[in-house]
Amino acid sequence: MEYTVKTLLKEVNSSYKHPGDERIRAISEHLIEQMYNTIVKFDVSHDEMWAFLKWMNELGKANQAGLLAAGLGIERLLDILADEKEKQKGITTGTARAIEGPLYVPGAPLEKKFARIDDGTQKGEVLIMEGDVFGPNGERIPHALVEVWLADQEGTYSIINPAQTPYNNRRKIEADEKGHYGFRTLVPPGYSVPKDSPTQKVLDLLGREGNRPAHIHFMVSAPGYEQLTTQINMPGDKYIDEDFAFATRDPLIVTVEKVNDPKMLAQYDLKEPYAHIKFNFTLHQG
């Protein structure tokens, strides 16, 4: 059979022997049509196609599909759409959501009320972060679960850096009966996409940078409430308005205070001043 572009597209999108998944099939048909149109419009060559497929294989081997999704704004898009749905329902309060990113790891150790989450092997400015978890009506949520993860002083995460101890800078913290949580770590730096990575290759071709400002990730949950996925940004970072993942949100830029009160230093067994962040989370009803 001789195909034209239209007949080939029709045949590809109708070549199924059983119903399959209706939603997946509809999305697939749309994506394939858009791909065909792109190839025709830009006269994509065989060499370009094979170069793209080679890059896709490299991306998969490097486990960077999630990183690229963030860099292309896909995660931020989903957050925008979720925000719009909430507004349509009349939900206008609560902590702003922000992207999860590709570096979340389930199963972090669970600690209660307060946890030291760095492993103590690196030097840096100590950070104490604390706050309370509230519901939509201002009620405190007892024993809410606050999951936290962040980069170390080299800008890497335990999941991708074997030199770090397992679950370094990762914890689940069960808030107390008043919904209060707290943890100790080191003030995180910003970081960039690995320079020789498949993700950076495509960013170079697009003329883009791969920098992320300093931030800390959170998942906050409690029975009867919707899980919140968000992150806070450290103020003053030079990349705060140039986040390659488009995740910076003004309500999530925190205030950092320097603490040198001897009584407070003694409380945390510290001899040098430390950075302090107070940040509350507000969850929606589930």
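The values are calculated or read from the model by the stated rules, or taken from the named source; none is laboratory data. Note that the structure is predicted; figures quoted are calculated from it, not measured. When we count neighbours, we look across all protein chains shown, and the Cβ atoms used for this are built from the backbone with ideal geometry, even at glycine.
Going residue by residue through the stretch 67-77, is there one that turns out to be part of a helix (DSSP H, G or I), modelled with pLDDT of 95 or more and touching a Leu at 6+ places or on another chain (Cβ under 7 Å)?
Initially, the stretch 67-77 is screened for residues part of a helix (DSSP H, G or I), giving 67-71, 74-77.
When the remaining residues are screened for being modelled with pLDDT of 95 or more, the result is 67-71, 74-77.
When the remaining residues are screened for being touching a Leu at 6+ places or on another chain (Cβ under 7 Å), the result is 68, 71.
Within the stretch 67-77, one or more residues are part of a helix (DSSP H, G or I), modelled with pLDDT of 95 or more and touching a Leu at 6+ places or on another chain (Cβ under 7 Å).
Screening Glu100 on (1) part of a helix (DSSP H, G or I); (2) charged (D, E, K, R); (3) surrounded by 14 or more Cβ atoms within 10 Å (Cβ to Cβ) shows it passes everything except condition (1).
Looking at Ala163, is it loosely packed, with under 14 Cβ neighbours inside 10 Å and of a type in the set (A, V, I, L, M, F, W, C)?
Values: loosely packed, with under 14 Cβ neighbours inside 10 Å: yes; of a type in the set (A, V, I, L, M, F, W, C): yes.
Yes; evaluated as a whole, the condition is true for this residue.
Would you confirm whether or not the stretch 131-143 contains a residue that is farther than 18 Å from Met219 by Cα and part of a strand (DSSP E or B)? If you could, list the steps in order and put the result at the bottom.
Of the residues in the stretch 131-143, the ones farther than 18 Å from Met219 by Cα are 137-139.
Pick out the ones that are also part of a strand (DSSP E or B) and you get none.
Within the stretch 131-143 (the criterion being farther than 18 Å from Met219 by Cα and part of a strand (DSSP E or B)), the answer is no, since none of the residues qualifies.
Of all the criteria given as (1) modelled with pLDDT under 95; (2) surrounded by 13 or more Cβ atoms within 10 Å (Cβ to Cβ); (3) not assigned by TED's automatic domain parsing to the domain that holds Lys195, the one not satisfied by Ile91 is (3). Checking Lys41, Lys10, Lys17, Lys6 one by one, the residue that is basic (Lys, Arg) and modelled with pLDDT of 95 or more is Lys41 and no other.
Does Glu75 satisfy being out of contact with any Ser or Thr (no Cβ under 8 Å at 6 or more places or on another chain), charged (D, E, K, R) and either surrounded by fewer than 10 Cβ atoms within 10 Å (Cβ to Cβ) or not assigned by TED's automatic domain parsing to the domain that holds Val148 (or both)? Answer is no for this residue. Entry remark, the stretch 136-158: residues being farther than 16 Å from Pro188 by Cα and of a type in the set (Val, Ile, Thr) number 2 in total.
Looking only at the stretch 80-97, which residues are over 11 Å from the mean Cα position of the chain (by Cα) and either assigned to a loop (DSSP other than H, G, I, E, B) or closer than 30 Å to Pro166 by Cα (or both)?
So in the stretch 80-97, the residues over 11 Å from the mean Cα position of the chain (by Cα) come out as 80-96.
Answer for the stretch 80-97, where residues must be over 11 Å from the mean Cα position of the chain (by Cα) and either assigned to a loop (DSSP other than H, G, I, E, B) or closer than 30 Å to Pro166 by Cα (or both): Lys89, Gly90, Ile91, Thr92, Thr93, Gly94, Thr95, Ala96.
Of the residues Lys201, Lys258, Lys172, Lys178, the single one that is closer than 16 Å to Asp132 by Cα, in contact (Cβ under 8 Å) with a residue 12 or more places away in the chain and surrounded by fewer than 19 Cβ atoms within 10 Å (Cβ to Cβ) is Lys178. Output yes when any residue across the stretch 247-254 is under 13 Å from Val146 (Cα atoms), assigned by TED's automatic domain parsing to the domain that holds Ala82 and surrounded by 17 or more Cβ atoms within 10 Å (Cβ to Cβ), and no when none is. No, the stretch 247-254 has no match at all.
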